[in-house]
């Protein structure tokens, strides 16, 4: 059957569409051909796929071929089955007839003959030539057609349709199409079934000796091809997939050695997208296809179908996998293939895939995901291509031009060298080329990086090329070589060791081996090749491998190589950027940048390098960053981008210190300092957040009271390797809650030298608003360069144990409390103090969690209060506070009393008193110029408490800068020691008065009355000794607080001086007393406080004595009524007795006639007789007389009786004794019987 | 042979990277590990496409290149473990097993109260333990 392969290929290539046979019975084809062929390709067809599910197919390509055509006639039946896919899928029988008889006799038997073949799917088109205007003919045609239908239609299926030549009939075409599609579908189904059965039959023979893959392939591909023709691409693809699977199984099965292929000219150019690259007959061998070509063929067929299915993404995905997989297969056969065949093939395959998928790809119709996936695959293809390209370039000596970056190293150093059977030898007459390569090697030297950074270049080779190449030369023994180059390193010669160590020693040797070229042109066969010779040999071998002359131009010169290299790198980077794989893209950008840099295209290089650096630094890949950053810095330096350059230097400094040597780091620093002190055009604040970091000190935040300045100490880490001088440094604090409020720069004025590592810097904080503050930013100047650091936490130096994690929230460093009481001053005593005496006022000064250090207390005594500045102020611990003060606080020495002077009302608080509650005693004297007055029944006193009040204004200035002020005015109550009241206890007949003086203690202290002396006012005099002492001598008299004592004086009235004078003068009571009281409780002795001691004090008080007003000269007595009761209308005698008590001393009131007057209410009383008149009374003491007035009560009830008045005498001189009644009871008049006449 | 193992933090920052090659070329392994994060990101960000493996910590082969393979493992806290091997036929079960041990070692290392989360792991005993795990992987006696 393999013989049919060629035929199969021809047939396949010649037939590309479904054939519909036309059985032209009535010679009508030429009439209808045009309109029929307008119907193909079939717009819409419903076909069944392999799983027998209906599938709608668009634009099904089809072709009408007459059965008489040579293409359909000359076929053997055997062929027909084998290549059944090309046989007609439907037969259209074209008939016409205008006569019923003719139909019956001629046409019908003929048609029966045609349609009896079951194999064929047919339908009849009856063509009516009748013109619509010709009714006769039309009618006839209808009749014949009806007959035709009756004969050929079955119940199941209608097989006839009628086509009017002269009338457009849209219905007909629908009918025609559906019938045609029916036929095609049926045929297709039958053929699919046939092929499937055949394939199954063959598959069953799979493991028998007669199994022939070629036959299987023909069947399978026939089916696939049929599907493809029917536009059932999915099914076709599936067939190819199965075919591929089957091939893989058969090719891997152990068996006889098969040829791999790939040795023809042009094979190096991948044909994985070109199914017609080679005729299948060329690649078949012993009924099996050569793997190299066949795999590509299958892939090409799949790709073609996928493109038809508009799935370029899948082509790319499958293609990438295919290239990678096939590359491995190529590696297995590498020793039979030309030198570097594999690399060349991969490059061309990738480029081919990229080209075709890109041209088929229209980004619009796919989802975002698959778009990204597509670009990722493109990137992968580019990148794969790039790697292989670099490998080839390296082999022919462009290795020195390739950047030794991590990405290149990762791809190349793990990629094994090509393994040809023998390494290509140097061609004869190539000394010129060798010289050239030699020159290239010699001229190349690794670029010196900025700051003299030296890093060992990363390897681009899996093992030393020199050794590998020479080892693979058949005639050199391994032993020789290892002795030659590196006898110490025997292990490195393992060809499979992909990571054989490239010790520096061997590296060095390798370089030296490429020394000056030797003059001889022909090498002795046993001499190992030099590197330059290896390159020349490789180049020559490559030229032979590569069939495409364009390809080779990429290696013709460094410029060409770099152009291609750039193209591939850019392609990969751009595609990766459009995929999910951003990192890949950015890293490749770095490679592009390196090339730009090499060519002095610094602008573009900077842009790309910046991207790379941003990527690495964002994710903290410092090792990788350290590799690229110096290059960026160098570009920036060349471009004179001072800001960028500085930022790069700072970044370099802030990288982990192990990544650079200290010398390098010092170079960075000196660069920064040099720039900072130079004249920079654009002064940009430099962000040194990663280099200078700062934090508040550990522990609780500094707490300040409102209005207080403070000192905040901040730990600043310097990442500079050496000391660095900062011209200024200031710190910004920002409010914890709101960002905008309270941001204030705090300057630390003096310049600082930051040591490497931790420094502690103190900042003076002016008073801040209440709130919490966090560290904001640190700003300062290095030279002329201003810098700022926000690096509160990030990238703190790792080596310090106080390292801060950046996840930690920023902690407030400063808390300024809301205004609150910081101190309280209260008076120590509440009870009254002595007026006019020196008294100690105690003030309890209580600091509330705040130091009063250096505090100054201003005491401003108000009016009528004087501070005795001659005395020292006493300060002592407040004992009341000691209970809750902890014992640890005992350093404040309980009971300590310190005396300090007071000047201008100011006291400076001693230091020991700054944190403890103290009691400040200061002497005052309340001044009351008025003389205290005693109280007597005759002159009651209203004493206001305000009288004894004295105000003291206190002002305490404290805080570090005396910025805190506490002001308070306190009231202190002063009083006299005694409250004195007098009363006359008794008045004797002889005019002697017993005057009691009552002393009431006004203070909370015990008073000792030592002596009392009363200086009487005129008009009074003492009885007895006359020294003004009291009657009894009981001194000292002790008066307890709030108790009273009485002292009795015996006095009498004296003289008869002017009454006014007597009234206005005062008596003075002098009390000599002592006081024993505690100053903590109240009044106390003015002198030094010594218990038990009581100094004598004098208290003077004025008493106003009044002469006894009861000194009458006449006494009026009301004599009792003569009757028991008074009745209305009954006469009653009112009698008063008037007695002269003493003879009048004054002539003015003398006389023996006394005017009397009876005063009575005329409504109640009727007075009979004289209401007023003169009665005579002798001037002698004791003379008496009686006045009688007769009255008649007029109303009953209690009424005021008439009163007797003596208008001339004055009430004061009248003593009513006994006094008249206030009211008298008057009864109603008694019933008078004289008016009662009995009823007789 | 495992050439490199790495722990990468949840912000894609390297926490630990140890190469096991003799040559002084760790930087290229940094690059490989760093770039393989792309693949992890892609898988994590596109759960649709990797639905069956979403709930699994072992991410499998990330990066089939011709010459080395990169395997990944993602913990619930988004810490990634990455292993680069030049062994081209690694069984998934072996890799899974390796990562399980590696994860356990990591958990022990970060449980150290003196370790600052999110910072590089500097513990020497962790390094030693990882080396042991790596060595045992090569010997084929995993499990």
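Structural remarks
- A Förster radius of 35 Å combined with the Cβ-Cβ distance from residue A:104 to residue A:189 puts the calculated FRET efficiency at roughly 0.50.
- For A:930, A:1123, the sequence from fewest to most other C-beta atoms within 10 Å is A:930, A:1123.
- With each label modelled as a point 7 angstrom along the Cα→C-beta vector, the residue A:156-residue A:456 pair spans 8.4 nm.
- With the simple spin-label model, which puts each label point 7 Å out from Cα in the Cβ direction, the residue B:124 to residue B:77 separation comes to 2.5 nm.
- On the beta carbon distance between residue A:170 and residue A:51, with R0 = 35 Å, the FRET formula returns roughly 0.55.
- Shielding score for A:610-622, defined as the mean number of other chain Cβ atoms within 10 Å: 3
- Here the label points at residue A:618 and residue A:1044, each 7 Å from Cα along the C-beta direction, are separated by 9.8 nm in the simple model.
- Among A:405, A:789, a tally of other beta-carbon atoms within 10 Å of each Cβ gives an order, fewest to most, of A:789, A:405.
- Between residue A:44 and residue A:328, full extension at 0.36 nm per residue minus the direct alpha carbon distance yields a gain of 97.8 nm.
- Cα-Cα pairs of the range B:2-139 separated by more than 21 Å (percent): 37 percent
- Annotation: for a label point projected 7 angstrom from Cα along Cα→Cβ of residue A:677, no residues of the range A:607-643 have a backbone N closer than 11 Å.
- Here is the size of the protein assembly as shown from its Cα atoms: Rg then Dmax, 65.3, 205 Å.
- Multiplying the residue separation of residue A:201 and residue A:1166 by 0.36 nm and removing their Cα-Cα distance gives an extension gain of 330.3 nm.
- If R0 is taken as 30 Å, the Cβ-Cβ distance between residue A:969 and residue A:1000 corresponds to a FRET efficiency of 0.50.
- Taking every residue in B:107-119 and counting other chain Cβ atoms within 10 Å of its Cβ, the average works out to 2.
- Residue-span extension gain [residue A:930 to residue A:872] - 0.36 nm each, minus C-alpha spacing: 18.0 nm
- Gap separating the Cα centres of the range A:1-57 and the range A:387-408, nearest whole Å: 55 Å
- Comparing Cα centroids, the range A:108-145 and the range A:316-355 end up 61 angstrom apart.
- Think of it as helices only: each DSSP H run of n ≥ 4 in the protein assembly as shown is worth -39500 (n - 2.57), and spread over all residues that comes to -10500 deg cm²/dmol at 222 nm.
- Shielding score for A:404-417, defined as the mean number of other chain Cβ atoms within 10 Å: 5
- Residues A:1178, A:14, A:728, A:772 in ascending order of nearby Cβ atoms (within 10 Å, fewest first): A:14, A:1178, A:728, A:772.
- For the peptides A:1069-1082, A:460-473, the ranking by packing is A:460-473, A:1069-1082, with the highest mean count of neighbouring Cβ atoms within 10 Å listed first.
Values in this text are rule-based calculations from the coordinates and carry no lab data. As the structure is a computational prediction, the values presented were derived from the model and not from experiment. Here the Cβ is made from the backbone with ideal geometry for all residues, glycine too, and neighbour counts use every protein chain on show.
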